[in-house]
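The values are calculated or read from the model by the stated rules, or taken from the named source; none is laboratory data. Owing to the predicted nature of the structure, the values given are computational and were not obtained by experimental measurement. In this analysis, Cβ positions are derived from the backbone assuming ideal geometry, glycine residues included, and neighbour counts consider all displayed protein chains. Surface areas here come from the heavy atoms of the whole protein model, side chains and all, with no ligands, DNA or RNA. Shrake-Rupley method; radii C 1.70, N 1.55, O 1.52, S 1.80 Å.
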Amino acid sequence: MIESTIRVKNSGLVRVKMIRDDRDGTLAIIESLRDVPFDIRRVYFISNLEKSVSIRGKHAHKELEQIIFCIQGSFVLGLDDGNTSQKLLLNEPNVGIRLGKMLWHTMEDFSESCVLLVVASDYYDENDYIRDYGDFLKLAQ
């Protein structure tokens with residue numbers, strides 16, 4: 001079952017402004033320290049995912065905070081804080097989910113042509129990653 005409310009720690013819903021301009025498309029605006037509760041130091045996107053095969057994420061961060069958006073299509077975001085886990089369907093381009101510190105996350109069940117956009121609080125640092133779920137559970141307690 002895919003839930004509609006966020007129950008895990010270190011997460012939350014982020015809504016950004018959307019301006020619809022009839023035939024001229026839609027503009028989404030993401031502003032640091034307004035819509036996003038941190039200075040944005042990195043932005044990346046993920047595309048060309050194989051719908052039934054790809055599973056992204058499978059890690060947590062010690063310090064990094066991120067907001068993940070599905071700007072095209074849909075996917076299922078799995079969240080786990082070490083005590084509570086849940087799955088959320090992301091399919092609105094102006095609604096993102098905060099991936100706070102010490103939050104294990106996975107992305108799967110991508111629709112065709114799905115595109116994810118992520119804004120992050122810091123630059124890439126491999127030492128910030130926790131890639132083993134068992135290690136994550138020990139640290140999360």
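Kindly list, by first and then second residue, each pair from a residue in the range 112-139 that is closer than 20 Å to Leu90 by Cβ to a residue that is basic (Lys, Arg) and at pLDDT below 95, limited to pairs with Cβ atoms under 7 Å and residues at least 6 apart or on different chains.
Glu112/Lys51
Pick from Lys17, Lys58: which is charged (D, E, K, R), touching a residue at least 40 places away in the same chain (Cβ under 8 Å) and open to solvent by 100 Å² or more (accessible area, probe 1.4 Å)?
Answer to the selection: Lys58.
Among the residues of the range 20-55, how many are modelled with pLDDT of 95 or more, exposed (fewer than 13 other Cβ atoms within 10 Å of the Cβ) and over 22 Å from Phe110 (Cα atoms)?
1
Which condition number does Arg7 fail, the rest of (1) over 19 Å from Leu79 (Cβ atoms); (2) surrounded by 11 or more Cβ atoms within 10 Å (Cβ to Cβ); (3) in contact with a Ser or Thr (Cβ under 7 Å, 6 or more places away or on another chain) being met?
So the condition that Arg7 fails would be (1).
Kindly indicate whether Val119 is over 9 Å from the mean Cα position of the chain (by Cα) and among the hydrophobic types (A, V, I, L, M, F, W, C). Can you show your working first?
Values: over 9 Å from the mean Cα position of the chain (by Cα): no; among the hydrophobic types (A, V, I, L, M, F, W, C): yes.
Considered against the rule, which asks whether it is over 9 Å from the mean Cα position of the chain (by Cα) and among the hydrophobic types (A, V, I, L, M, F, W, C), Val119 comes out as no.
Under 6 Å between Cβ atoms, which residue pairs at least 6 apart in sequence (or on different chains) link something in the range 36-47 that is under 16 Å from Asp125 (Cα atoms) with a partner that is in a loop (DSSP other than H, G, I, E, B) and open to solvent by 50 Å² or more (accessible area, probe 1.4 Å)?
Close Cβ pairs satisfying both conditions: Arg41/Asp122; Arg41/Tyr123; Arg42/Tyr123.
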